[in-house]
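The values are calculated or read from the model by the stated rules, or taken from the named source; none is laboratory data. Just so we're clear, the structure is a prediction, and the values are computed from it rather than from any experiment. Glycine gets a Cβ as well: all are built from the backbone with ideal geometry, and neighbour counts include every protein chain shown. Just so you know, the surface numbers come from the protein's heavy atoms only, side chains and all, with ligands and any DNA or RNA stripped out. Shrake-Rupley method; radii C 1.70, N 1.55, O 1.52, S 1.80 Å.
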Amino acid sequence: MKAIEIERKFLVRDDSWRVCADAPRVLQQAYLGVDQNCVRVRLIDGRSARLTIKFRSPGLAREEFEYDIPVEEARDLLLHAGHVLEKTRYRVLHDGQSWEVDVFAGAYQGLTLAEIEMASEDDRFNLPQWLGREVTGERRYSNRAMAAAPPPQQPAAQGGAG
């Protein structure tokens, strides 16, 4: 399915978001290929899987194609990828907006990021108190960059609370 993805990303300051969070989903994801565009494989709770192809463009908007794939094929693809990111994702409602909060495990233990998807780059919304600084466009907080780079010694030092 084709979609246009427009999102902003923030560090998370504290755990107060947890009181509004829904049931968590455990994600394992990795990236295949290292050019401007990317192919991501994601295993969700070990029970479903998706293959996503994203194309870079100027600004916040990106074309995205996403497909369900068999779980066993996703597991095989993860074996061929470099570093596999591990995180638990929560959906958190704030002021009528849906946020995704990712609590990282493994090599990035201690890092927590929040993202909001928007209908247009001009969308306005109220920022929750639990957000830290905005990191949209900062490469080191890109899932793709984190999967490609050697894991840091102390990811919590990059900012973020768990």
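GNM on the chain, C-alpha springs below 10 Å: top fluctuator among Leu27, Leu127, Leu111?
Leu127
Test of understanding: in a Gaussian network model of the chain with alpha carbons linked when under 10 Å, which of Arg25, Arg140, Arg47 would top the mean-square fluctuation ranking?
Looking only at Arg25, Arg140, Arg47, the largest GNM fluctuation is found for Arg47.
So if I take the centroid of the Cα atoms in segment 88-135 and the same for segment 46-73, what is the distance between those two points in Å?
If we compute the Cα centre of each part, the gap is 19 Å.
Counting only helical runs of four or more DSSP H residues, what would the 222 nm mean residue ellipticity of the chain come to if each run contributes -39,500 (n - 2.57) and the total is spread over all its residues?
It lands at -2500 deg cm²/dmol.
log10 I(q)/I(0), Debye, Cα-only segment 1-72, no solvent, q = 0.13, 0.24 Å⁻¹?
Scattering profile of segment 1-72, log10 relative to I(0): -0.53, -1.14.
Please check: in the Gaussian network model of the chain (C-alpha springs, under 10 Å), which one of Val103, Val12, Val26 has the largest mean-square fluctuation.
For the chain, modelled as a Gaussian network with Cα springs under 10 Å, the answer is Val26.
Can you send over the carbon and sulfur percentage of the accessible area for the chain, probe radius 1.4 Å, protein chains only?
51
After finding the eigenvalues of the alpha carbon gyration tensor for segment 27-141, what semi-axes result from the square roots of 5 times each, listed largest first in whole Å?
25, 18, 14
Determine the per residue accessible area of the chain with all protein chains present and a 1.4 angstrom probe, expressed in square angstrom.
In whole numbers, the chain has 55 Å² accessible per residue.
Just how large is the dipole of segment 1-98 about the Cα centre, in debye to the nearest 20, putting +1 at every Lys and Arg Cβ and -1 at every Asp and Glu Cβ? Before the final figure, lay out the partial values.
Working: 17 positive and 16 negative charges, 41 e Å.
About 200 debye.
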